[in-house]
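So the structure is just underneath, and the comments pick up after that.
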Amino acid sequence: MRRPRKTLLVYVVFLVSFAAIVSAQRNLLANPRFDSDLSEWSPLAGAAQWDPLDSDGSQFSGSAFIVGEGVGTSRTQVLVQCIPVNEGWWYELSSDVYIMQGQTDSGLGLVHLNWYSDTLCTDFVDVSQTTFATTVEEWVQVSGSAQVPPGAIAGRFALAVEKSAEADSFSANFDDAFFGPLTIFADDFESGNAEAWSATTR
Ligand SMILES: [Ca+2]
Ligand SMILES: [Ca+2]
């Protein structure tokens, strides 16, 4: 039996629309593209300011310029958002990172994730590994995934920098941040991905 062509067409259009809606809603972060300011992001440490440099070269958007300071080798989580999560689920996270050349010493730009047992992200449960970028003078995307550990109901997504012991400070720009649940269509969801949080650059 053949379906009438018109019915099939309507069905396909519905599927495409649904997929578009799902992908548009997957990012749980507010103001992830830093179009005009750093609103919705809480400063935790270090210093941050809005910067007109955009990862896609848009004149209508910018990025977050963050600076980490400290003694010795130290990681500073500068801008954070606390996001409710579901225990046991896998989440995906990423950000574009740009490291300006000419800094006195080396460092890393990172996405850092802590898990908490309360919705305000105060009762620490665990930390996930981080992804990093060291390439300078070009935008690179760092990305990874992690499973919510037992007892955690919120994740604190942080844009962070790590400076070397020799440096007084280290800075990096961040843009197009992403944090959202992996869908059942993602690779390795069912089996769990032991390679989670490997660093990627492109
Ligand atoms: Ca932007
Ligand atoms: Ca981008």
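Looking at this structure, is residue 55 within 16 Å of ligand 1 (Cβ to nearest atom) and either within 19 Å of residue 129 (Cβ to Cβ) or part of a strand (DSSP E or B) (or both)? So residue 55 fails the test. Of the listed requirements (1) over 25 Å from residue 169 (Cβ atoms); (2) surrounded by fewer than 20 Cβ atoms within 10 Å (Cβ to Cβ); (3) among the aliphatic types (A, V, I, L, M); (4) within 19 Å of the chain's Cα centre (by Cα), residue 125 misses just one: (4). Of all residues in the range 144-175, those being more than 18 Å from residue 77 (Cβ to Cβ), among the small types (Gly, Ala, Ser) and within 18 Å of the chain's Cα centre (by Cα) number 1. In summary, residue 45 fulfils each of the numbered conditions (1) surrounded by fewer than 17 Cβ atoms within 10 Å (Cβ to Cβ); (2) free of Cβ contacts under 8 Å to residues at least 40 places away in the same chain; (3) away from ligand 1 (no atom under 14 Å from the Cβ) with the single exception of condition (1).
Kindly indicate whether any position in the range 58-65 is out of contact with any Lys or Arg (no Cβ under 9 Å at 6 or more places or on another chain), part of a strand (DSSP E or B) and either modelled with pLDDT under 85 or among the aliphatic types (A, V, I, L, M) (or both). Yes, the range 58-65 contains a residue that is out of contact with any Lys or Arg (no Cβ under 9 Å at 6 or more places or on another chain), part of a strand (DSSP E or B) and either modelled with pLDDT under 85 or among the aliphatic types (A, V, I, L, M) (or both).
In the set (1) in contact (Cβ under 8 Å) with a residue 40 or more places away in the chain; (2) within 23 Å of residue 26 (Cα to Cα), the condition left unmet by residue 167 is number (2).
Tell me, please, whether a residue that is in a strand (DSSP E or B), touching a residue at least 12 places away in the same chain (Cβ under 8 Å) and under 22 Å from residue 46 (Cα atoms) can be found in the range 117-125. First the steps, then the outcome.
Our first condition is that a residue be in a strand (DSSP E or B); within the range 117-125, this holds for 124-125.
From what is left, the residues that are touching a residue at least 12 places away in the same chain (Cβ under 8 Å) are 125.
Filter again for under 22 Å from residue 46 (Cα atoms), leaving none.
Scanning the range 117-125, I find no residue that is in a strand (DSSP E or B), touching a residue at least 12 places away in the same chain (Cβ under 8 Å) and under 22 Å from residue 46 (Cα atoms), so the answer is no.
The sole residue among 91, 98 that is buried (at least 20 other Cβ atoms within 10 Å of the Cβ), of a type in the set (Phe, Trp, Tyr) and either within 16 Å of ligand 2 (Cβ to nearest atom) or outside any strand (DSSP E or B) (or both) is 98.
The values are calculated or read from the model by the stated rules, or taken from the named source; none is laboratory data. Remember, predicted model here, so these are calculated numbers, not experimental data. Note that we place each Cβ from the backbone using ideal geometry, even for glycine, and neighbour counts take in every protein chain shown.
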